[in-house]
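Have a look at the structure below before the remarks.
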Number of protein chains: 2
Amino acid sequence: MINKLMKQIEKLDAPVVVGLDPMLSYVPEQVQKAAFSEYGETLEGAGEAIWQYNKTIVDNIYDLIPAVKPQIAMYEQFGIPGMIAYQKTVDYCREKGLVVIGDVKRGDIGSTSAAYAAGHLGRVTVGANTFSAFNEDFATVNPYLGSDGIKPFLEVCKAEKKGIFILVKTSNPSSGEFQDRLIDGRPLYEWVGEKVAEWGEEVMGDTYSYVGAVVGATYPEMGKVLRKVMPKACILVPGYGAQGGKAKDLAPYFNEDGLGAIVNSSRGIICAYKQEKYAKFGVEAFGEASRQAVIDMIEDLKSARG
Amino acid sequence: MINKLMKQIEKLDAPVVVGLDPMLSYVPEQVQKAAFSEYGETLEGAGEAIWQYNKTIVDNIYDLIPAVKPQIAMYEQFGIPGMIAYQKTVDYCREKGLVVIGDVKRGDIGSTSAAYAAGHLGRVTVGANTFSAFNEDFATVNPYLGSDGIKPFLEVCKAEKKGIFILVKTSNPSSGEFQDRLIDGRPLYEWVGEKVAEWGEEVMGDTYSYVGAVVGATYPEMGKVLRKVMPKACILVPGYGAQGGKAKDLAPYFNEDGLGAIVNSSRGIICAYKQEKYAKFGVEAFGEASRQAVIDMIEDLKSARG
């Protein structure tokens, strides 16, 4: 799947992933109304609203981008109906040929981590049958529990040719509280990055590993160091746009081959219709506003890769 | 909710939480057969099997213990039907008066962490209505992302009088890879423990904070230090029994008031019927085997608290 991701990035000349993180307040009123008229102002109504919102956006952008990254928390908050909307979104994006990165940030140990890996990337056995439950292509994983938390994911990645992105240096202001603390003279995130490189060696694709890393756009100096520490890891870069990361800061995240990073934008794309810049599309054509925002983002990133 | 938890621990003289972590292979054949005959060997069948298994165990032990801790990964692996089984388990345990600790190990930032907090401990708004989705009493949370990940949970805890347990030192063999690394002469888990104490000051119950900590039974020396670093935190202690932690090692986790810790056992209770010690109950009476295992665990822990 890392090979597919890299090929799609090259083919489209677009190292872009769109974060499908639908707050209900992002969903245009006409979409909410339609959903509520069918299901009421209920969790089912909310699930239907975010699913229809996603579907319109995906229909408008799927041919421009290699991947999407649904943030499961935004669905999970609506309970079972929210999880159904997540499942529909994952399935639909895969049907459209998109690589789906489940931003689930799971992390546990042993058989528990194996269960997360099976449920999101692999298969479970029930009697004589096997099923893929959520069936994303990649999942994000938290490293705090060490190798015991990661290795069960590696097994599944190997079997299914899927991948993970491990949190290394996150984009948020307080990420330094623990991640930047110095251990033998080097910050924790570097030690985590070294383990990412080590874990990744076991599961190599053609040029990049099935094991990638999350490094926020908001810390380009650290991105530069981590690019060297993990030369074979695809770096998933959140924090561009709404969180303050600029295209000019992104050059250090890419390798000399012009590959090796994929930049996420969520609000900047899915809420484009709310920006003055895209107001001309009007709220009815929110999907077309998203399409234009994707085109602009791809153009903006070209400057970053020189 | 921390006050309720502490009162129930005192009343029952049982600092015990039972981990409802149902692997399908744990579920006795007769329960699997009944579920599969109704729903087939499907994800729905698996969900029904683990829910019926849980229900029988809970019916047999709810009067002996203050709390249960369902591990969401074991449900999530079966997709939507698994999540429905999780929801039923949480609801049923709350109806029975048990404190429910959702072992979800979530952790993200800003609005995403807020969505997890709302979905698991708080409420979401849909039009003119509000709903509690999964509605556990406590959730476990991963600290790797720093305060930005924790603060949204604190807000919800304050509003709902609920709580969290933050991963500090986990019970697994490789937990030391990052958690034990020295920063200014002290291990990372101590720095995390200090933040737990600081975060916890904002949301105090009568004697303990709404913010607790996870510290594995397998590291009693570290438990001793962490007990002092976080005097007001209830410590959730995994790793007793199947993972190798012994009752005699647990004394350092308790405060002088005999409170301040709650010890988890999962397999040791829910799979008691598979142990030679409880074989006399037979597989049909697996719930009674679990009951006896709870009684034995409570007795065993009395020795730990002197």
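The values are calculated or read from the model by the stated rules, or taken from the named source; none is laboratory data. Fair warning: this is a prediction, and the values are worked out from it, not measured in the lab. Please note: Cβ atoms are built from the backbone with ideal geometry, for glycine as well, and neighbour counts cover all protein chains shown. Just so you know, the surface numbers come from the protein's heavy atoms only, side chains and all, with ligands and any DNA or RNA stripped out. Shrake-Rupley method; radii C 1.70, N 1.55, O 1.52, S 1.80 Å.
Per q in 0.12 Å⁻¹, report the Debye log10 I(q)/I(0) for the stretch B:2-304, using one uniform scatterer on each alpha carbon and no solvent.
Values, matching the q order: -0.77.
Tell me the distances, shortest first, between A:ARG186 and the same position across the other copies, using label points 7 Å along Cα→Cβ, in nm to one decimal.
2.5
Give the relative contact order (percent, whole number) for the stretch B:179-304; include only Cα pairs under 8 Å separated by 6+ residues.
Numbers: 180 pairs, mean separation 22.5, N = 126.
Contact order relative to length: 18 percent.
Over all Cα pairs of the stretch A:1-97, how is the pair count split among 5 Å bins, expressed in % and running from 0 up to the last occupied bin?
Reading the bins upward from 0: 2, 14, 24, 22, 16, 10, 7, 4, 1.
Whole number please: convex hull volume per residue, Cα atoms of the stretch A:216-273, in Å³.
Looking at the stretch A:216-273, the number lands at 72 Å³ per residue.
What is the Cα coordinate range of the stretch A:236-306 on the first, second and third principal axes, sorted by size from largest, in whole angstrom?
Computed over the stretch A:236-306, the largest-to-smallest principal extents equal 42, 19, 16 Å.
Counting DSSP beta bridges in the protein assembly as shown, what percent are antiparallel, to the nearest 5? Please list the in-between numbers first.
Details: 12 of 68 bridges.
Restricted to the protein assembly as shown, the bridges split so that about 20 percent are antiparallel.
Just flag the GluC sites (Glu not before Pro) in the stretch A:238-287 sitting in loop per DSSP whose Cβ has no more than 12 other Cβ atoms within 10 Å.
A:GLU256
Can you give the average number of partner chain beta-carbon atoms within 10 Å of each beta-carbon in peptide A:119-128, as a whole number? Don't jump to the answer; show the numbers that get you there.
On the way: counts 10, 4, 0, 1, 1, 7, 4, 16, 11, 2.
Mean shielding by partner chains, rounded to a whole number: 6.
Roughly what would the spin-label model give for B:GLU256 and A:LYS11, points 7 Å off Cα along C-beta, in nm?
7.0
Can you pull the percent of chain B's accessible area that's carbon plus sulfur, 1.4 Å probe, other chains left in place?
Here it works out to 50 percent.
Quote the convex hull volume per residue of the stretch A:160-211, based on C-alpha atoms, as a whole number of Å³.
86
Would you mind checking the pairs A:LYS169/B:LYS88; B:LYS69/B:LYS277; A:LYS224/B:LYS232 and listing those with alpha carbons more than 30 angstrom apart?
A:LYS169/B:LYS88; A:LYS224/B:LYS232
As an exercise, identify the chymotrypsin sites (Phe, Trp or Tyr not before Pro) in the stretch A:99-137 lying in DSSP coil whose Cβ has no more than 15 other Cβ atoms within 10 Å.
Qualifying residues, ordered by number: none.
Per DSSP H run of at least 4 residues, take -39500 (n - 2.57); add these up for chain B, divide by its residues and hand me the 222 nm value, nearest 500 deg cm²/dmol. Please list the in-between numbers first.
Numbers: 12 runs with 138 residues, N = 306.
About -14000 deg cm²/dmol.
Taking only the alpha carbons of the stretch B:86-147, what extent do you get along each of the three principal axes, in Å, biggest first?
35, 30, 15
Along Cα-to-Cβ, 7 Å out, sits the label point; list in nm, shortest first, how far the one on A:GLU198 is from those in the other copies.
List, nearest first: 2.9 nm.
Rolling a 1.4 angstrom probe over the protein chains, ignoring ligands and nucleic acids, what is the accessible area of A:THR56 in square angstrom, nearest 10?
50
For peptide A:101-109, how many partner chain Cβ atoms fall within 10 Å of a residue's Cβ, on average?
That works out to 6 on average.
Any idea what the A:SER303 label distances to the other copies are, label 7 Å down the Cα→Cβ vector, nm, shortest first?
Once sorted, the set of distances for A:SER303 reads 7.1 nm.
For A:ASP180 and A:ALA34, what does the FRET efficiency come to when R0 = 35 Å and r is the distance between their Cβ atoms, rounded to the nearest 0.05? Working shown, then result.
Working: r = 46 Å, r/R0 = 1.33.
E between A:ASP180 and A:ALA34, to the nearest 0.05, is 0.15.
With a sphere of radius 11 Å drawn around the Cβ of A:GLY45, what net charge do the other residues whose Cβ falls strictly inside it have (Lys, Arg +1; Asp, Glu -1)?
With Lys, Arg at +1 and Asp, Glu at -1, the net is -3.
Roughly how many whole Å is it from the C-alpha centroid of the stretch B:196-243 to that of the stretch B:75-111?
So the two Cα centres are separated by 22 Å.
What does the charge add up to near A:LEU98, with Lys and Arg as +1, Asp and Glu as -1, over the other residues with Cβ less than 12 Å from its Cβ? Don't skip to the end; give the middle numbers.
Details: positive: A:LYS4, A:LYS69, A:ARG94, A:LYS96; negative: A:ASP59, A:ASP63, A:ASP91, A:GLU95, A:GLU136, A:ASP137.
So the surrounding residues net to -2.
Which distance in Å, rounded to a whole number, links the C-alpha centroids of the stretch A:246-306 and the stretch B:13-47?
Between the Cα centre of the stretch A:246-306 and that of the stretch B:13-47, the gap is 46 Å.
Work out the length of the dipole vector of the protein assembly as shown about its Cα centre, built from +1 on the beta-carbon of each Lys and Arg and -1 on the beta-carbon of each Asp and Glu, and round it to the nearest 20 debye.
Result for the protein assembly as shown is approximately 560 debye, rounded to the nearest 20.
As an exercise, take the mean of 1/r over every pair of distinct alpha carbons in the protein assembly as shown, invert it, and state the Kirkwood radius in angstroms.
Roughly 24.5 Å, rounded to one decimal.
Just from the alpha-carbon atoms, what are the Rg and Dmax of the stretch A:132-192 in angstroms?
Final numbers for Rg and Dmax: 13.9, 44 Å.
Among DSSP beta bridges lying fully in the stretch A:75-218, give the percent that are antiparallel, nearest 5.
Details: 6 of 18 bridges.
In the stretch A:75-218, approximately 35 percent of DSSP beta bridges are antiparallel ones.
Please figure out what share of the DSSP beta bridges in chain B is antiparallel and state it in percent, rounded to the nearest 5.
Rounded to the nearest five, the antiparallel share is 20 percent.
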